[in-house]
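Colleague: Please find one structure pasted underneath; my questions will follow.
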Amino acid sequence: MLNNKFSLLLTERSLSISEVSRGTGISRTTLTNLYHRRAAMISFDVLDRLCGYLGCRVGDIIEHDCDTRCT
């Protein structure tokens, strides 16, 4: 299972969606969907830009939680 931690990351850093959009060039719609966990997928380009802007790793935004399916 994947855990979307984008909203937590922005809250911890006191950042708004608008600030991130201006700083990355990612649309507010994309960021809002990611923030509210409505996004069904996220592109490598978006992840790359977010990691560069936030100075973080992919795992800080999207985390893999191993459940019973993991061996």
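The values are calculated or read from the model by the stated rules, or taken from the named source; none is laboratory data. Please read these numbers as outputs of a predicted model, since none were measured by experiment. Every residue, glycine as well, gets a Cβ built from its backbone with ideal geometry; the counts of neighbours run over all protein chains shown.
Colleague: List the residue pairs whose Cβ atoms are under 8 Å apart, where the first residue sits in the stretch 50-61 and is at pLDDT 95 or above and among the small types (G, A, S), the second is surrounded by 11 or more Cβ atoms within 10 Å (Cβ to Cβ) and in a helix (DSSP H, G or I), and the two are 6 or more positions apart or on different chains.
Modeller: G52/T24
Colleague: If you scan the stretch 41-71, which residues turn out to be closer than 11 Å to N4 by Cα and small (G, A, S)?
Modeller: Across the stretch 41-71, the qualifying residue is only G59.
Colleague: Continuing with this model, one more query. Taking the condition of being among the charged types (D, E, K, R) and closer than 20 Å to T11 by Cβ, how many residues in the stretch 29-69 meet it?
Modeller: Total satisfying the criteria: 7.
Colleague: Just give me the residues in the stretch 1-43 being in contact (Cβ under 8 Å) with a residue 24 or more places away in the chain, part of a helix (DSSP H, G or I) and either aromatic (F, W, Y) or loosely packed, with under 13 Cβ neighbours inside 10 Å (or both), in sequence order.
Modeller: Scanning the stretch 1-43 gives F6, Y35.
Colleague: Only one of these conditions is not met by G59: (1) surrounded by 12 or more Cβ atoms within 10 Å (Cβ to Cβ); (2) outside any loop (DSSP other than H, G, I, E, B). Which number is it?
Modeller: Going through the list (1) surrounded by 12 or more Cβ atoms within 10 Å (Cβ to Cβ); (2) outside any loop (DSSP other than H, G, I, E, B), G59 breaks only (1).
Colleague: Kindly provide the set of residues from the stretch 33-70 that are of a type in the set (G, A, S) and either touching a Gly at 6+ places or on another chain (Cβ under 6 Å) or on the phi > 0 side of the Ramachandran plot (or both), ordered by number.
Modeller: G55, the sole residue that qualifies.
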